[in-house]
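Before I ask anything, here is the structure I am working with.
The values are calculated or read from the model by the stated rules, or taken from the named source; none is laboratory data. None of the values given here were measured: they were computed from a predicted structure. Cβ: placed from backbone, ideal geometry, glycine included. Neighbour counts: every protein chain shown. The protein model used for the area step is the full one, side chains on, heavy atoms only, and it has no ligands, DNA or RNA in it. Shrake-Rupley method; radii C 1.70, N 1.55, O 1.52, S 1.80 Å.
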Amino acid sequence: MCRLLSILFLLIPSVTSAQPEREPLVEKVRSAINRGVNFLRTSEKGKGNWEHLPVSIDKPGGATALAMLALLNSGIPPDDAMMKRGLEYVRNIEMRWTYVVGLQTMVLAEAGDPRDRERIQKGVDWLIACRSMRNGKLQGWGYTDDGGQPDHSNSQYALLGLHAGRLAGANIDVDVWESIRDYYKSSQSIVIRDAGGWPYQAPQSASRLTMTVAGLCGMAIVTQELNKNRQGLRPDGTAQFCGVYVEDDAIRKAIEWLSAIDRNDRDGSTRFRFENISPYNAVYYNAYGIERAGRLTGHRFLAGRDWYREGCELLVRIQQADDSWVGSRGDSLQFTPIINTSLALLFLSKGRTPVLISKWAYGNGNGWNNKHFDAKNLVDFASMEMFKKQPLAWQAYDARRMNFRNVPERLREVGTLLQSPIVYMNGHDVPTMTVTQEELLKQYIQEGGFLLAEACCGKAGFTGGFRDLMAKMFPENPLRPLPPEHPIWRAWATVSPDFVPLEGIELGCKTVVVFSPQPLAGYWEEDLRKEGRGREAFRLAGNVIAYATGMEPPKPKGTIADVLDDKADRNTPRSFMQVGQLRHGGDWQPAPRAMRNLMLYLREKEKLDVALNTQEMTFTHPDLFKYKFLYLHGRGPFDVSKEGLDNLQAVLNTGGVLLSDACCGSPGFDLAFRDFAAKLYPKNKLEPIPVEDALYSSDINGVKIDKVKVRTGIAGAGFDAAAPALEGIKIDNRWVVIYSRYDLGCALEKHASGDCKGHDHESALKIAGAAVLYLLK
């Protein structure tokens, strides 16, 4: 026994010797945005505009509108004093220049002031009136309202203004969108070695990266704008023209152009790049275009490259000491630091929008994407109706070409995918996947992710194939019908279980896969959130989102979760501390990976020598004394024999600690635990642990634990910040029992559902980690 205690205390120096981690990219991006905002604030000098600085492209109002757009997207609210001055200036910009009117309209739409609706419509009307037309066909936009040679650069900012205006409620006839679609299709290069790109001005044959990105964005926008009623949706949710999008061919060719090898590059790189852009090397102008292309098409990868991560790494690296971004060598456009900083901020801020849903690509073709806007419309719905208008994004996630060289690469990619709390997949046919895809998706789910699947148009091929895929991935956890009492029918809104049958797979405390064999995506695609079955389809999707996320919005794009290698702990030294989990007669292990995740956290963050594997122990086991940290969890009543109580008490009296919690706040377990505690120590009552106690102190935890996040209310409610509310039994001035009536285990496992009364993952780590550190110190 003494030897075991000495081993524990040998661990104590490592508790306080954790080395500071390198700042992750997501934090560097946050810092870069704050610095860029600071530069624009300083440059404004209380004047309400940024026109006092030299602007090489002499278009009055353009620099101010661009700076305001960047600031709004960086999170500066419209009621900020500087923003009020800037908005008043933007409202009074003369409508003369295409770039400026497009940006002016985007700013007013982003600010969202109802008083600007008339101005927004006026800007939209101006842009429509200034189109360059020939024989009834759109030729694009030039620089000014009096014509001039049209080009794709002016045209893209005109289109961005129209799109923003339409989203803000402006009226635009469908023939305008059709003319824009035809303009981009007709001006796309058909030259054999340049096919799929767009030049600066038609009919030039040499395509440019910046203009091809602009064309790709244009086609993505008009596809969205012309989507209404195109699929021939039937009352039962099936579609006559499912998967038919006339713009797809042009979009495919543009992406192929980006992915092609640049014949002018000696290194054999693709045309897609952030630097060394021919002919002007306009790094920031190009970056903002890439951001729009990636976001509007939903592609995480362009030309096989993680465009947001790559762009962030570049922009973070080249930000100046004065917090600005300046033109690089060879940038013959010579934009001012105001313009470059604004463009850099737009890339960083809009690109880091949290990803709520990742649409899973699979198979050899495009069958995974018969509905182009189902995920987008669900995310827009969630943003507006569920998350208080917080900007949220979706992405197409394509792992078909991934081939990990080693386990750490795969784990990192799982951690990257986990920034999106929901993966969504649907289709008509059997969903075929590579081994890499299957491994990635399975581990994503095991690590806390959630899979939503739907048989597009109710197709039997997908239904049978998906069921087979899940049986292969989770042979011990089959798909089962969700019962009427399942919280998913009421997590956010009440939906009748008779609406559609749902099936699910449970892991631990939570259903982690939800499948609808009947069609829903057609209603999402057509955005029928206010009509009949469409309304119920969106309400059910809202329930799925609430259940999957616990009403906690996802973290900014670029956040990477730590993911454990399941095979990393085969040869743990005997001297490492190992958790003993107590097995009782009830449901004793609803969160089987909880302690493993806690030990990983302590190993990584606190540099403790701990075993990751948890040892199952009964109360009467003769080796119970070998485990000084014990865990007791469950979701129903249980009882312990007198022999088991005596054995456990002997361990606790000689230096052990018992941590326990009620799974999702289970009343049955809570009642049973209180009876158990009274029998374990009849003379020492279970009592609240004061917030001032050493258990929560900075001496033990590095930082004082005075606030945690906990959900104690109704299903679908979010987490509230509150003081930790643990209870305990103290023997000889030492807590030997530490108990939470609110869940820790499911949160540690990352599988707490939206109706689970308990803590979020980070708070559970803090609280449970404090119990371990308390034992050691």
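All but one of (1) small (G, A, S); (2) within 24 Å of the chain's Cα centre (by Cα); (3) modelled with pLDDT of 95 or more; (4) over 16 Å from A361 (Cα atoms) hold for A460, so report the exception by its number.
So A460 meets the others, but not (2).
For L744, are the conditions met, namely being closer than 20 Å to L602 by Cα, out of contact with any strand residue (DSSP E or B) (no Cβ under 7 Å at 6 or more places or on another chain), open to solvent by less than 10 Å² (accessible area, probe 1.4 Å) and among the hydrophobic types (A, V, I, L, M, F, W, C)? Step through it out loud before you land on a result.
Details: closer than 20 Å to L602 by Cα: yes; out of contact with any strand residue (DSSP E or B) (no Cβ under 7 Å at 6 or more places or on another chain): no; open to solvent by less than 10 Å² (accessible area, probe 1.4 Å): yes; among the hydrophobic types (A, V, I, L, M, F, W, C): yes.
No, not satisfied.
When both residues are 6+ apart or on different chains and their Cβ atoms are under 6 Å apart, which pairs have a first residue that lies in the stretch 751-766 and is closer than 22 Å to S697 by Cα, and a second that is assigned to a loop (DSSP other than H, G, I, E, B) and among the basic types (K, R)?
Hits for this filter: H761/K750.
Please state which one of Q156, Q149 is outside any strand (DSSP E or B), over 31 Å from the mean Cα position of the chain (by Cα) and either over 15 Å from D125 (Cβ atoms) or among the aliphatic types (A, V, I, L, M) (or both).
On the way: Q156 fails: over 31 Å from the mean Cα position of the chain (by Cα).
Selected residue: Q149, the only one of Q156, Q149 that is outside any strand (DSSP E or B), over 31 Å from the mean Cα position of the chain (by Cα) and either over 15 Å from D125 (Cβ atoms) or among the aliphatic types (A, V, I, L, M) (or both).
Can you name every residue in the stretch 599-624 that is assigned to a helix (DSSP H, G or I) and modelled with pLDDT under 95?
First pass over the stretch 599-624, keeping only residues assigned to a helix (DSSP H, G or I): 599-605, 624.
If the condition is that a residue be assigned to a helix (DSSP H, G or I) and modelled with pLDDT under 95, then M599, L600, Y601, L602, R603, E604, K605 are the ones that fit.
I'm trying to understand the selection: among the residues of the stretch 448-476, which are surrounded by fewer than 16 Cβ atoms within 10 Å (Cβ to Cβ) and in a loop (DSSP other than H, G, I, E, B)?
Selection gives P475, E476.
Please verify whether V107 is open to solvent by less than 20 Å² (accessible area, probe 1.4 Å) and under 21 Å from Q390 (Cα atoms), treating the condition exactly as stated.
Values: open to solvent by less than 20 Å² (accessible area, probe 1.4 Å): yes; under 21 Å from Q390 (Cα atoms): yes.
For V107, the condition - open to solvent by less than 20 Å² (accessible area, probe 1.4 Å) and under 21 Å from Q390 (Cα atoms) - is met.
Just the residues that are in a loop (DSSP other than H, G, I, E, B) and in contact with a Phe, Trp or Tyr (Cβ under 8 Å, 6 or more places away or on another chain), please, taken from the stretch 742-777. Steps first, please.
The initial filter retains those residues of the stretch 742-777 that are in a loop (DSSP other than H, G, I, E, B), namely 742, 744, 749-757, 760, 777.
Result: S753, G754, D755, K757, D760.
Now for a different question. Answer yes if at least one residue in the stretch 496-509 is outside any helix (DSSP H, G or I) and β-branched (V, I, T), and no otherwise. Before you say what the answer is, go through the steps one by one.
Residues of the stretch 496-509 that are outside any helix (DSSP H, G or I), as a first pass: 496-509.
The next check asks that each one be β-branched (V, I, T); those that pass are 500, 505.
Within the stretch 496-509 (the criterion being outside any helix (DSSP H, G or I) and β-branched (V, I, T)), the answer is yes, since at least one residue qualifies.
Separate question: Tally time: how many residues in the stretch 517-550 are open to solvent by less than 30 Å² (accessible area, probe 1.4 Å), closer than 30 Å to C664 by Cβ and either in a loop (DSSP other than H, G, I, E, B) or in contact with a His (Cβ under 7 Å, 6 or more places away or on another chain) (or both)?
Number of matching residues: 3.
Separate question: Keeping to the stretch 290-338, report how many residues are modelled with pLDDT of 90 or more, open to solvent by 10 Å² or more (accessible area, probe 1.4 Å) and β-branched (V, I, T).
Matching residues across the stretch 290-338 total 4.
Under 9 Å between Cβ atoms, which residue pairs at least 6 apart in sequence (or on different chains) link something in the stretch 401-423 that is more than 19 Å from K557 (Cα to Cα) with a partner that is surrounded by 15 or more Cβ atoms within 10 Å (Cβ to Cβ) and of a type in the set (F, W, Y)?
From the stretch 401-423, the pairs are R401/F301.
Same structure, new question: Would you check which residues across the stretch 672-713 are over 38 Å from the mean Cα position of the chain (by Cα) and in a helix (DSSP H, G or I) and list them?
Correct list: A672, R674, D675, F676, A677, A678, K679, L680.
Go through the stretch 640-665 residue by residue and tally those that are closer than 20 Å to Y742 by Cα and open to solvent by 10 Å² or more (accessible area, probe 1.4 Å). Reasoning before the result, please.
Kept after step one, since they are closer than 20 Å to Y742 by Cα, are these residues of the stretch 640-665: 657-665.
Restricting the remaining residues to those that are open to solvent by 10 Å² or more (accessible area, probe 1.4 Å) gives 664-665.
Summing the residues that are closer than 20 Å to Y742 by Cα and open to solvent by 10 Å² or more (accessible area, probe 1.4 Å) in the stretch 640-665 gives 2.
Still on this structure, I have one more. When only residues in the stretch 70-84 that are in contact (Cβ under 8 Å) with a residue 60 or more places away in the chain and in a helix (DSSP H, G or I) count, which is surrounded by the fewest Cβ atoms within 10 Å (Cβ to Cβ)? Don't jump to the end; show me each part of the working.
Within the stretch 70-84, the subset in contact (Cβ under 8 Å) with a residue 60 or more places away in the chain is 70-71, 73-75.
Next, only the ones that are in a helix (DSSP H, G or I) stay: 70-71, 73.
Working: A70: 28, L71: 27, N73: 22.
Restricting to residues being in contact (Cβ under 8 Å) with a residue 60 or more places away in the chain and in a helix (DSSP H, G or I), the top hit is N73.
Tell me, please, whether a residue that is out of contact with any Ser or Thr (no Cβ under 8 Å at 6 or more places or on another chain), in a loop (DSSP other than H, G, I, E, B) and surrounded by fewer than 20 Cβ atoms within 10 Å (Cβ to Cβ) can be found in the stretch 114-131.
The answer is no, given that none of the residues of the stretch 114-131 is out of contact with any Ser or Thr (no Cβ under 8 Å at 6 or more places or on another chain), in a loop (DSSP other than H, G, I, E, B) and surrounded by fewer than 20 Cβ atoms within 10 Å (Cβ to Cβ).
A quick yes/no check of all residues on (1) under 24 Å from L440 (Cα atoms); (2) in contact with a strand residue (DSSP E or B) (Cβ under 7 Å, 6 or more places away or on another chain):
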{"position": "C509", "(1), (2)": "yes, no"}
{"position": "V512", "(1), (2)": "yes, yes"}
{"position": "W524", "(1), (2)": "no, no"}
{"position": "K530", "(1), (2)": "no, no"}
{"position": "R539", "(1), (2)": "no, no"}
{"position": "E552", "(1), (2)": "yes, no"}
{"position": "P556", "(1), (2)": "yes, no"}
{"position": "D562", "(1), (2)": "yes, no"}
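Among the numbered criteria (1) at pLDDT 95 or above; (2) surrounded by 14 or more Cβ atoms within 10 Å (Cβ to Cβ); (3) not acidic (D, E), which single criterion is violated by V174?
(2)
From the list A721, A725, which residue is assigned to a strand (DSSP E or B) and open to solvent by 10 Å² or more (accessible area, probe 1.4 Å)?
On the way: A725 fails: assigned to a strand (DSSP E or B).
Just one listed residue meets the conditions, A721.
It is to be established whether one or more residues within the stretch 280-287 are more than 22 Å from T559 (Cα to Cα), over 19 Å from the mean Cα position of the chain (by Cα) and aliphatic (A, V, I, L, M). Steps first, please.
Residues of the stretch 280-287 that are more than 22 Å from T559 (Cα to Cα), as a first pass: 280-286.
Filter again for over 19 Å from the mean Cα position of the chain (by Cα), leaving 280-286.
Next, from what is left, pick out any that are aliphatic (A, V, I, L, M): 282-283.
Checked against the condition, which is being more than 22 Å from T559 (Cα to Cα), over 19 Å from the mean Cα position of the chain (by Cα) and aliphatic (A, V, I, L, M), the stretch 280-287 yields at least one hit.
Turning to a different aspect of this structure: Restricting the search to the stretch 424-447, which residues are buried (at least 23 other Cβ atoms within 10 Å of the Cβ) and under 15 Å from the mean Cα position of the chain (by Cα)?
Of everything in the stretch 424-447, those that are buried (at least 23 other Cβ atoms within 10 Å of the Cβ) and under 15 Å from the mean Cα position of the chain (by Cα) turn out to be Y424, Y444.
Of all residues in the stretch 370-392, count the ones that are without any contact (Cβ under 8 Å) to a residue 24 or more places away in the chain, assigned to a loop (DSSP other than H, G, I, E, B) and touching a strand residue (DSSP E or B) at 6+ places or on another chain (Cβ under 8 Å).
Of the residues in that region, 0 qualify.
Within the set of pairs 6 or more residues apart or between chains, which connect a residue that is over 14 Å from I729 (Cα atoms) inside the stretch 682-704 to a residue that is open to solvent by 50 Å² or more (accessible area, probe 1.4 Å) and part of a loop (DSSP other than H, G, I, E, B) with Cβ atoms less than 7 Å apart?
Listed pairs, sorted by first residue: V691/D706; Y696/K704; Y696/D706; S697/K704; S698/K704; I700/K777.
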